[in-house]
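Trainee: Dropping a structure here in C-alpha cells format, bear with me for questions.
The values are calculated or read from the model by the stated rules, or taken from the named source; none is laboratory data. Given the structure is predicted, the values throughout are model-derived calculations rather than measurements. Counting neighbours? That spans all protein chains shown, and the Cβs are built from the backbone with ideal geometry, glycine included. Side chains are part of the model used for accessible areas, which takes the heavy atoms of the whole protein and leaves out ligands, DNA and RNA. Shrake-Rupley method; radii C 1.70, N 1.55, O 1.52, S 1.80 Å.
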Amino acid sequence: FYRLSARLDGPTYAACAGHLQDLLCQECSPYAAHLYDAEDPSTPVRTIPGLCQDYCLQVWQKCRSIFRFLSADKELIALENNMAKFCHYLALEDTDYCFPHLLANQNLNQNLGLVTANAEGCLQLCLMEVANGLRNPVAMVHANDGTHRFFIAEQVGLVWTYLPDRSRLKKPFLNISEAVLTSPWEGDERGFLGIVFHPKFKFNGKVYVYYSVQVHYEERIRISEFRISPADMNALDHGSERIILEIEEPASNHNGGQLLFGDDEYLYIFTGDGGMAGDPFGTFGNAQNKSALLGKVLRIDVNNNDHGPLYRIPPDNPFLNDPKARPEVYAYGVRNMWRCSFDRGEPDTKEGKGRLFCGDVGQNKYEEIDIVEKGKNYGWRAREGFSCYDKKLCANSSMDDVLPIYAYPHKMGKSVTGGYVYRGCESPNLNGLYIFGDFMSGRLMSLKEDPATGEWQYSEICMGTGQTCMFPGLINNYYQYIISFAEDESGSELYFMSTGIPSATAPHGVVYKVVDTSRRAPPGKCQVEPLPVRVKSKRIQFVPKEKFIMKTPTPRPRLKAMTEAPQRGRSDPGTPPTSSVDWVGQAPPLPGNRSQLSTTLAPSSRTPKPRKGGQRRGQRRKKKPPSAALPLRNGSVRLMEQQGRGRSQGRVEVYINGEWGTVCDDGWSSAAATVVCRQLGFPYVVRATKKAEFGEGASLRILLDDVQCSGQEETLLECAHADVGTHNCSHEEDAGVVCSREEVADW
C-alpha cells in the first residue's frame, strides 16, 4: 500500500487512498476465493476483486487511474475510458459476493468461520494422506519424548517408526508377528491390538502392548512390557518382554485391545466380554461379573515395577475391598470397547480434561458412545445402547447402569470405532467436537456437547465437495473400513486409519490427517520443533498415492439415532437375536464418502481445458445444444442374465478396446463386486457370484482374469489383473454380482 500510494499525487491520494487500501486488502478476505473468482482452476487469474456495480461507478468516476498500479491486466486497462464495459469486466455473476456489499450481507457473515455444512447438515472436512501400504493399521501412538515421531502398529504384529517428515524407517520398531495370533481372514478380530508408551518413556524406555496369543491350544490376550533397545532409540529390545497380564479368551471375537495411560499415570486396559453372541458366560455374563476380567475397564499401576510385583492395584480402585470382585476392575458392563481416549480439555480453560470416551460395539441393533467413570456399570448384557437386550436383567432396578451419551442404529453402521475430542491447533472450529467413525459403514461422525443442557448433538461428517478440498496435498476420499483414530504428540491434530480390505495381511491401510479448510490457525502458531532423532536404519520416503476426486455431492438418507433413553425396564419388541454382527459375515456397503456413478460409463480422466479468449467465470455463457450419447469407454460394465439384460444382478460383462467380454471368477471377491456395483449406481453389494451362476457368456471372449481389487477403484481396469484377453479359465467360471439399493444384512 505504501509503495503504491507513493506514486499518487496529492489530490489523487486524498480522494483514492482509501479505495486503494480496500482493494488491496481483499486478498486477505475470508471470501477472497469468491471475490477473485479463484474457485474454478480453469478460469483466468483475476487481479482485481469483483466489484459491485454502484461501487465500481463511484471508483471509476474519481479514481480509475489507480487500477494501472493495481493490475497488469492489459484488457482491463484498455477499457479504462468506457465506464460500462470497465465495470462489467469487474463484475461477478453472483452479486452476493461483490465488494463491498458482502461485508454487510448477514447471510454470509453470520456463520463466518464455522465448519462448512451441506444442505443436509453434514460437516464438510478434508484429509491429508500421512502413511500408506499398511496391513490393517490398528493403532498410531507417539512417545511423548519431544521427537514427534509416530509409531503405527499393524494387526500382524509389526510396529513401524515414522519421522516428522513422514518417512518410515525400514527396520521395524517391534516385530512379534511370530507370537501374535491372527489370520488372513477378513474380519478376524485377533492380532496385535494395542500399544502405549509409558508417560515417563523418555526416562524409563518402557512400552506396553496388547495382543492375542495361543498357549497350549488356549487363546489368550496378553499385556506385555518392553524396553527400548540401548543400541537403537528406534527399536525395542525384543528380549526384554515381560508378561504383565494374561486373560483366557473363550472365543475368537470381542478381544478388546485398547491401552491408555491416564493423567494419574495408571495403565487402563479395555477387554471384550469373551466373544460369541449375547455374552453367554455364566448366569449374567462376563460383563456383569465383577470377578471376571472380561467385559471390563481395568486399571493397574505399573510404575516402579522393576522389583517386586509386575503391577500393583491403585489404592482408589472402586472394588478394592469387595471380596467378590477383582481389584483391577475400574468399570464394568462393557461388550467390546473398540478405541477409547482421554479428553485433553479445552486449550485455555482445560474444561473437560480427563474425560474418558469409548466406543462400545453393539450386538444386533445399536452402537454406543460412553463416558467411562470409576466404578460405573455400562449395562451390557442387560442393555444395548438405550435398548433392553436381556429383559430380565434390564428390569432389575439394582443394576443402576450408566446410559451412553449417544447411540445409533445398525442402519447407520454396525461396528463403532471410538475417536477423540478435537483439541488441536490447526483447525480451531473443530475444538470440542468428539469425532468417531464406524468400521462397517465407513461413516465419519461427530458429537458436540451443549453446555447449557449437557446433551450431545450429532452431526455427520462428509468429505468436502466442489472446491472445499481443492488445495495442494488435500484429498476428499478415504477407504471404507475405519479401524482407529489417533492424535500426534502435541495433541494438535487428529488422524484416523482405514483400509479397503479388512485383512491382517492386505497392505491397503492408509493413515489420514483430518483438515478443516473453513478456518485455519494463523501461520506459525502450530509449528513444533522436534528434537533430533538418531537414525540407524534406512529411511523410506513417503510417497502419497491417494488422489483428489472431483465429484457432485449425493445426499445420504438422514437416519435418526438415539439420544434419549427409554424408560428403564422396558424392552424393544422381540427377543434378542442369537448371532453376533461385529466384523465377520457382513455384506460390505460401498464407501459412503465416494460418489456413486449413475451410468455404466467409466469416468473420464481428462482434465478441463482453459477456455479460450480469457472468458471470465462471472460472465454469462451461451448454452450449448444437447450432445449426442457418449461413446462407451474402456472399463464400462453391464449385467446379463440368461433371459437378457440384468437389472441389479447378473453376469459381469466388461467393455474393453471396442468389444464386450466376460470376467473369470479367479480371485473374484466382494471388493471387485463393489467396483462393479458402484459403476452401475448401486450403493450396496450383496455378494460376488462365481461358477457362471447367471449363465455363461459363451458368445463373448473372456477379457479379464485374476482380478484383484481393493474396492476403491473406479473400474475393473484399475484393479490388478492378468493381461487383457489372457486367461486360464472357461466360461463355466464367469463371474457375477448381486447389487442392491438398500442394505441387506445377514445374507
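Trainee: Among Q457, A72, V209, flag the residue with its Cα farthest along the positive direction of the charge dipole of the chain, charges on Cβ as +1 for Lys/Arg and -1 for Asp/Glu.
Mentor: Farthest towards the positive end: A72.
Trainee: Can you check how the C-alpha radius of gyration of segment 1-110 compares to 2.2 N^0.38 Å, as a plain ratio?
Mentor: Relative to the rule-of-thumb radius for its length, segment 1-110 sits at 1.05.
Trainee: How large a share of the accessible area of segment 1-110, in percent, is made up of carbon and sulfur atoms when the probe is 1.4 Å and the other protein chains stay in place?
Mentor: Carbon and sulfur: 51 percent of the exposed surface of segment 1-110.
Trainee: Please compute the volume of the convex hull spanned by the alpha-carbon atoms of the chain and report it per residue in Å³.
Mentor: Measuring per residue, one finds 208 Å³ for the Cα hull of the chain.
Trainee: Per residue of segment 431-447, in order, report the coupling 6.51 cos²θ - 1.76 cosθ + 1.60 (Karplus, θ = phi - 60°) as ³J(HN,Hα) in whole Hz, putting x for Gly and Pro.
Mentor: Taking θ as phi minus 60°, the curve returns 4, x, 7, 8, 10, 8, x, 10, 5, 7, 7, x, 6, 9, 9, 8, 10 Hz for segment 431-447.
Trainee: So which aspartates and glutamates can K350 reach, going by Cα to Cα under 14 Å and dropping same-chain residues fewer than 8 places off?
Mentor: D263
Trainee: To the nearest Å, what is the center-to-center distance of segment 268-291 and segment 119-161, using C-alpha atoms only?
Mentor: 30 Å
Trainee: Sorted by mean Cβ packing within 10 Å, highest first, what order do the peptides 692-700, 518-526 take?
Mentor: 692-700, 518-526
Trainee: Also, quick follow-up: Whole angstrom only: what separates the Cα centroid of segment 395-444 from the Cα centroid of segment 192-219?
Mentor: Taking the Cα centre of each part, segment 395-444 and segment 192-219 sit 26 Å apart.
Trainee: A further question follows. Any chance you could give the angle, 0 to 90 degrees and rounded to 10, that helix 53-63 forms with the longest Cα principal axis of the chain?
Mentor: Between the helix axis and the principal axis of the chain, the angle is about 50 degrees.
Trainee: Can you give the angle from 0 to 90° between the axis of helix 670-679 and the longest principal axis of the chain, with both taken from C-alpha atoms, to the nearest 10?
Mentor: With rounding to tens, the tilt is 30 degrees.
Trainee: Spelling out what I want: for every residue of segment 330-339, take phi, set θ = phi - 60°, compute 6.51 cos²θ - 1.76 cosθ + 1.60 (Karplus), and round to whole Hz; glycine and proline get x.
Mentor: Whole-Hz 3J(HN,Hα) from phi for segment 330-339: 9, 8, 9, x, 10, 8, 7, 5, 10, 6.
Trainee: So which cysteines in the chain don't have a second cysteine's C-beta under 4.7 Å from them?
Mentor: Among the cysteines of the chain, those whose Cβ sits 4.7 Å or more from every other are C25, C28.
Trainee: What list of ³J(HN,Hα) values in whole Hz, one per residue of segment 650-666 in order, does the Karplus curve 6.51 cos²θ - 1.76 cosθ + 1.60 (θ = phi - 60°) give from phi, with Gly and Pro shown as x?
Mentor: So the Karplus estimates, Gly and Pro as x, are x, 6, 7, 10, 10, 9, 9, 6, x, 9, 8, x, 9, 10, 6, 8, 5 Hz.
Trainee: Mind ranking 260-273, 633-646 by how tightly packed they are, going by the mean number of other C-beta atoms within 10 angstrom, highest first?
Mentor: Answer by packing, highest mean first, reads 260-273, 633-646.
Trainee: Hey, another quick one. Return the whole-Å distance between the Cα centroid of segment 298-320 and the Cα centroid of segment 45-64.
Mentor: 72 Å
Trainee: Show me 179-190, 347-358, 129-140, 209-220 ranked by packing, highest mean number of other Cβ atoms within 10 Å first.
Mentor: 129-140, 179-190, 209-220, 347-358
Trainee: With charges set only on the Cβ (+1 for Lys and Arg, -1 for Asp and Glu), what does the dipole of the chain come to about its Cα centre, in debye to the nearest 20?
Mentor: Value, rounded to 20: 2300 debye.
Trainee: Counting only residues 5 or more places away or on other chains, whose amide H sits under 5 Å from the amide H of G646 once H atoms are built in the peptide plane?
Mentor: L639, M640, E641
Trainee: Additional query: Ignoring ligands, DNA and RNA, what accessible area per residue does segment 281-328 give at 1.4 Å, in Å²?
Mentor: 49 Å²
Trainee: Long-range amide H contacts for Y330: which residues qualify at under 5 Å (H placed 1.01 Å from N, peptide plane, sequence gap of 5 or more or a different chain)?
Mentor: V297, L298, R299
Trainee: Could you give the size of the charge dipole of segment 634-716 about its Cα centre, using +1 on the Cβ of each K and R and -1 on the Cβ of each D and E, expressed in debye and rounded to the nearest 20?
Mentor: Dipole size: approximately 340 debye.
Trainee: Show that you can apply the helix-only estimate: for the chain, add -39,500 (n - 2.57) for every DSSP H stretch of four or more residues, divide by all residues, and state [θ] at 222 nm to the nearest 500.
Mentor: Result for the chain: -2500 deg cm²/dmol, rounded to the nearest 500.
Trainee: So for R7, R651, what's the accessible-area order with a 1.4 Å probe, most first?
Mentor: R7, R651
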